[in-house]
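Please read the structure below before turning to the comments.
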Amino acid sequence: MTEKVNTVTNLIFTVILVAAGILSCFTGRMEIAPGDVVATIIRFPVLLVDILSGDYNSLTDQERVLMLIRFPRILLALLVGAGLSVSGAVYQGLFRNPLVSPDILGVAAGCTFGASVGLLVPGSSFFLVRFFSFVMGLCAVGMALAMARSVKTSRVLVLVLTGVITGSLFHAFFMIVKTIADPLGQLPAIVFWVMGSLSGASWIDTLQILPVILVGYTIFHLFRYRLNVLSLGDETAKSLGVNPKGLRLFLIAVSSFMIAVCVASCGQIVWVGLVIPHIVRTISGPNHRLLIPGSALLGASFLLLADDIARSALSSELPLGVITSLIGAPVFAWLLYKNKNKGWA
Amino acid sequence: MMGKKTVLSCRNLGFSYQKKKVLENISLDFYQGEFVGLLGRNGAGKSTLLSCLCGLLSADFDRLAIEGIDLSKAGRRDIARILSFVPQEHEDMFPFSVLDVVVMGRTVFLGSFGAPGKKDVQLAKEVLAELQITDLAQRVYTSLSGGEKQLVLLARALVQTRKIVLLDEPTNHLDYKNRYHMLAQLKGLSRDHGSCIVACLHDPNHALLFADRVILLQEGRILLEGRTGEALSCDAVSRLYGIAARKSMDDGLMSILPAFVHPAFKGRVLLLVGRSGEGKTTILQQAVAENKGIRFGGIICPGIFKNERRYSSEVQCLCTGQSALLAKRTQASGNDPFVFYDKGQALADKALTASGHRESDCVVVDEVGPLELKGQGHAPLLAPLLSLEKPRHIWAVRPNIVDEVCRRWMLVDPVIVKVSEGDALARIHDFLFNKGDTHA
């Protein structure tokens with residue numbers, strides 16, 4: 001009975017997503033008529049091939065804005081939003097703690113450090129920045145996992161603590177980079193990168209992220225019932241016939257990979273991975289069968305709308321991380337208040 | 001149980017936690033269709049044993065097999081299809097609905113990517129109905145009371161499998177009705193479904209009423225195991241828990257209650273109080289010599305004194321008259337400790353074993369000292385002695401530990417006689433012949 005009600009909520013999330021997508025096509029400096037949008041969407045495959053083969057001349061101005069700026073940016077926002085919030089949902093389930101966010105294992109700190117190093121290298125390309133960021137993010141998680149392994153207790157708490165350790169270690173590295181950075185050129189770049197933005201979105205980025213998010217999501221979707229069992233704790237999972245260790249490590253690896261890709265491509269966007277799974281859990285319950293798709297849908301819409309605000313609220317673009325914090329923090333406070341009698345979850 | 005199929009067996013199972021041995025040398029067999037009660041003090045290793053038996057903790061063993069499957073080679077899936085485990089309810093989780101929690105018992109029958117279907121939900125509902133908790137189905141698990149949670153966890157285990165069900169203190173947090181409801185359900189499972197039920201129980205009376213067999217666990221070792229009626233004697237219960245317990249029969253129903261609640265237990269113990277060397281043993285010897293009509297048992301420990309302190313101690317069995325050296329100091333002075341001798345200790349243990357004193361009139365223990373308060377020395381034998389209905393008891397005690405001794409063995413209105421008082425012998429005589437006894 002409740003299951004049906006909750007499938008309806010996922011339907012509503014889908015409607016919100018579509019609405020947000022349509023709204024985003026019209027958000028921006030240039031006014032574009034609905035007819036042009038429809039026309040561009042119809043011609044989409046042809047135009048995409050043109051763009052990827054470097055032939056920009058055949059495009060109209062409207063098509064150019066939509067195809068080169070808005071569409072890749074919309075898609076990137078959807079992918080990053082879905083990726084972050086689904087990873088958040090998975091992490092919260094694995095760590096049996098609704099207050100865990102995807103960067104609990106130090107991924108974000110590692111990524112930030114990597115990116116700052118990338119920005120410090122003279123004449124480095126954007127590609128190099130992302131590559132450094134991605135690699136350092138995975139290094140941080142790897143370190144946290146290795147440390148937890150050598151402690152030799154299977155307790156999840158140890159993993160959280162080692163995550164805190166690597167997180168603060170990489171944060172310290174990041175601080176060192178900041179102090180030695182050139183205060184006129186490099187430092188502002190680092191600061192803006194950390195605040196997160198989708199403004200650099202291109203088709204190349206978007207198409208790089210796409211397979212990672214799709215594969216990652218598919219894995220989570222397949223294992224979503226297992227996540228319920230893992231969220232009961234190791235002992236119960238074992239007695240119900242599931243060996244938690246291998247599966248947990250695998251899921252952590254997958255979500256860390258997703259987060260590293262997201263953070264590497266658009267900086268640290270906070271709160272999405274913490275608040276969105278929370279909202280979904282409050283609405284449709286803790287069952288991961290609904291929580292995983294629900295988090296993906298709502299996370300995607302949330303980041304898309306946040307990005308719309310970021311690019312249209314002021315004449316200059318606001319950092320995306322600022323918008324997600326400004327929305328996420330009060331929402332989280334409200335959830336805290338609303339769930340006060342239900343215990344945490 | 002002969003002829004019934006063994007479903008779970010272990011040989012020489014042991015488990016250490018941080019170099020401390022929690023379980024040692026456990027060899028057990030569990031059969032189809034029996035309800036086994038696991039009894040023991042807090043911290044005796046009951047929960048650990050259950051966790052080891054289902055492979056949640058990795059124990060050392062020569063052999064551990066579930067239905068012929070070697071547990072050291074079996075995967076969790078193999079085990080979970082045959083054996084389910086009901087933990088204590090304290091596990092915290094997300095606010096799943098009760099139905100969700102119960103359906104999760106089906107996990108082992110689903111593929112890695114599978115989710116429970118209609119049949120699984122239907123089965124879960126049937127089990128909820130069987131346990132009479134259908135009305136909880138849509139409630140949120142985390143909002144339930146401890147007792148309700150316990151029943152839900154049992155439902156989850158039954159949805160999983162009924163072949164072997166291990167339960168860690170299933171009656172915890174349950175109210176009077178639910179406690180018996182739970183136990184009766186478990187009994188029914190073993191009787192009607194051929195399930196093998198192994199449960200930690202706290203109350204020996206529950207074991208008496210429901211368990212076919214009991215295993216008494218003491219400090220990680222098996223103290224005793226056997227069919228409930230035979231194994232669960234007053235002596236065993238007293239020894240196991242360190243509190244004197246007595247049986248009573250009512251309409252053919254046996255129950256075990258602590259001795260101190262029995263009115264007849266009042267004033268059955270005389271504490272002969274005196275400092276070291278003040279003459280406790282001498283007075284006891286005189287009392288035994290003067291009261292020939294009384295059948296004495298137990299021990300007195302005459303000793304040699306050097307430099308105004310006990311140098312050596314002999315033990316004398318009052319039944320047989322045998323004596324042996326119990327302990328001796330290494331030096332005549334200084335703070336050197338006693339060295340104990342096996343022969344003397346064996347004699348003392350034999351002389352104080354409760355089963356030898358069913359017909360004794362008076363059991364003398366010389367003495368109940370600091371060692372006993374630490375649970376060593378004669379301590380394990382004292383509770384079983386107190387559980388006997390016939391004999392009175394005379395314990396020699398030092399003045400500074402009288403209160404502690406009374407509390408530790410829950411003595412009710414003990415007769416306290418000081419060695420320094422002139423009429424000590426006369427008062428012992430009165431005690432032995434019931435004089436001054438309020439309800440004689």
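The numbers here are math on the coordinates, done by the rules we state, and not lab data. Quick caveat, the model's predicted, so the values are computed rather than measured. Cβ coordinates were reconstructed from backbone atoms using ideal geometry, including for glycine residues, and neighbour counts include every protein chain displayed.
Just check region A:184-256 against the gyration tensor rule for me: Cα atoms, a ≥ b ≥ c as the square roots of the eigenvalues, rounded for a/c under 1.5, and otherwise prolate or oblate depending on whether a/b exceeds b/c. Prolate is the answer for region A:184-256, as a/c is 1.5 or above and a/b outweighs b/c. Here r is the Cβ-Cβ distance between B:LYS390 and B:THR134 and R0 is 51 Å; the resulting FRET efficiency, rounded to 0.05, is 0.45. Taking a sphere under 14 Å around the Cβ of A:SER295 and counting the other residues whose Cβ falls inside, with K and R at +1 and D and E at -1, yields a net charge of +3. Distant-in-sequence amide contacts of B:ALA244, defined by a placed amide H-H separation under 5 Å and a gap of 5 or more residues or a different chain, comprise B:ALA259. A viscosity of 0.692 mPa s and a temperature of 37 °C, combined with the Kirkwood radius over Cα pairs in Stokes-Einstein, give a translational diffusion coefficient for region B:263-432 of 204 µm²/s.
Looking at the protein assembly as shown, the DSSP beta bridges with both ends there are about 55 percent antiparallel. In chain B, helices alone account for a calculated mean residue ellipticity at 222 nm of -8500 deg cm²/dmol, with every DSSP H run of four or more residues adding -39,500 (n - 2.57). Based on alpha carbons, the Rg and Dmax found for chain A are 20.5, 64 Å. Among the GluC sites (Glu not before Pro) in region B:154-255, those placed in a DSSP loop whose Cβ has at most 15 other Cβ atoms within 10 Å are B:GLU219. Under the criterion of Cα pairs below 8 Å and six or more residues apart, the relative contact order for chain B equals 14 percent.
Taking amide H atoms as placed 1.01 Å from N in the peptide plane, the amide H of B:GLN218 lies under 5 Å from those of B:LEU223, each 5 or more residues away in sequence or on another chain. Helix B:176-192 and the longest principal axis of the C-alpha atoms of chain B enclose an angle of approximately 70°. The mean number of partner chain beta-carbon atoms within 10 angstrom of a residue's beta-carbon across peptide B:78-85 is 3.
Taking every alpha-carbon pair in the protein assembly as shown and binning the separations at 20 Å intervals from zero gives 14, 32, 25, 18, 8, 2, 0 percent.
Distances over 19 Å make up what percent of all Cα-Cα pairs in region B:12-60? That tail contains 24 percent of the Cα-Cα pairs. With R₀ fixed at 56 Å, the C-beta to C-beta distance from A:SER150 to B:THR353 puts the FRET efficiency at about 0.60. Among B:GLY111, B:GLY37, B:GLY267, the largest mean-square fluctuation in a Gaussian network model of chain B, built with springs joining Cα atoms closer than 10 Å, belongs to B:GLY111. Longest span of chain B, sites excluded, free of trypsin sites (Lys or Arg not before Pro) in DSSP loop with at most 16 other C-beta atoms within 10 Å? Looking at chain B, B:140-265 is the longest stretch - no exposed trypsin sites (Lys or Arg not before Pro) with at most 16 other Cβ atoms within 10 Å.
In loop segments of region A:244-345 as defined by DSSP, the trypsin sites (Lys or Arg not before Pro) with at most 14 further C-beta atoms inside 10 Å of their C-beta are A:LYS340, A:LYS342. The per residue volume of the convex hull around the alpha-carbon atoms of chain B is 188 Å³.
The string of couplings for region A:161-166 from the Karplus curve (6.51, -1.76, 1.60, θ = phi - 60°) is 5, 5, x, 4, 4, 5 Hz, one whole number per residue in order, with x for Gly and Pro.
Number of Lys-Lys pairs in region B:6-232 with C-alpha atoms under 30 Å apart and a separation of 8 or more places or on different chains: 28. Peptide A:235-248 has a mean shielding of 6, counted as Cβ atoms of other protein chains within 10 Å of each residue's Cβ. Cross-link partners of B:LYS328 among lysines, defined as those whose alpha carbon lies under 18 angstrom from its own and excluding same-chain residues fewer than eight positions apart: B:LYS306, B:LYS343.
Which order do B:HIS262, B:HIS378, A:HIS278, A:HIS288 fall in if you start with the one that has the fewest other Cβ atoms within 10 Å?
Fewest-to-most Cβ neighbours within 10 Å comes out as B:HIS262, B:HIS378, A:HIS278, A:HIS288.
Across chain A, the longest piece that holds none of the GluC sites (Glu not before Pro) lying in DSSP loops with up to 15 other C-beta atoms within 10 Å covers A:32-316.
Take every Cα pair under 8 Å whose residues are at least 6 apart in sequence, average their separation, divide by the length of chain A, and the relative contact order is 30 percent. Taking other C-beta atoms within 10 angstrom as a stand-in for reagent exposure, B:VAL364, B:VAL315, A:VAL156 fall in the order A:VAL156, B:VAL315, B:VAL364, fewest first.
I need the fraction of alpha carbon pairs in region A:33-142 separated by more than 23 Å, rounded to a whole percent.
Tail of P(r) above 23 Å: 52 percent of Cα pairs.
Per residue, the convex hull spanned by the Cα atoms of region B:6-232 amounts to 126 cubic angstrom.
A Förster distance of 60 Å, applied to the separation of the beta-carbon atoms of B:SER248 and A:ILE165, puts the FRET efficiency at 0.45. Counting Cα-Cα pairs of region B:347-411 in 10 Å increments starting at 0 gives whole-percent bin shares of 21, 59, 20, 0. Per-residue 3J(HN,Hα) values for region B:285-292, derived from phi via the Karplus relation 6.51 cos²θ - 1.76 cosθ + 1.60 with θ = phi - 60°, read 4, 5, 4, 5, 5, 6, 9, 5 Hz in sequence order (x marks Gly and Pro). Non-local lysine pairs in chain A, meaning eight or more places apart or on different chains, with alpha-carbon distances under 24 Å, amount to 4. Taking Cβ atoms as reference points and 14 Å as the exclusive limit, the residues near B:TYR311 contribute a net charge of +2, counting Lys and Arg as +1 and Asp and Glu as -1. Phi-derived couplings, Karplus 6.51 cos²θ - 1.76 cosθ + 1.60 at θ = phi - 60°, listed residue by residue for region A:32-45: 10, 6, x, x, 5, 4, 4, 4, 5, 5, 5, 7, 3, x Hz, with x used for Gly and Pro. Taking amide H positions as modeled 1.01 Å from N, with prolines and chain starts lacking one, no residue 5 or more places away or on another chain lies under 5 Å from B:GLU89. Taking a Cβ cut-off of under 13 Å around A:THR40, the surrounding Lys, Arg, Asp and Glu residues balance to a net charge of -1, with basic ones at +1 and acidic ones at -1. For the segment A:90-96, counting C-beta atoms of other chains within 10 Å of every residue's C-beta and taking the mean gives 1.
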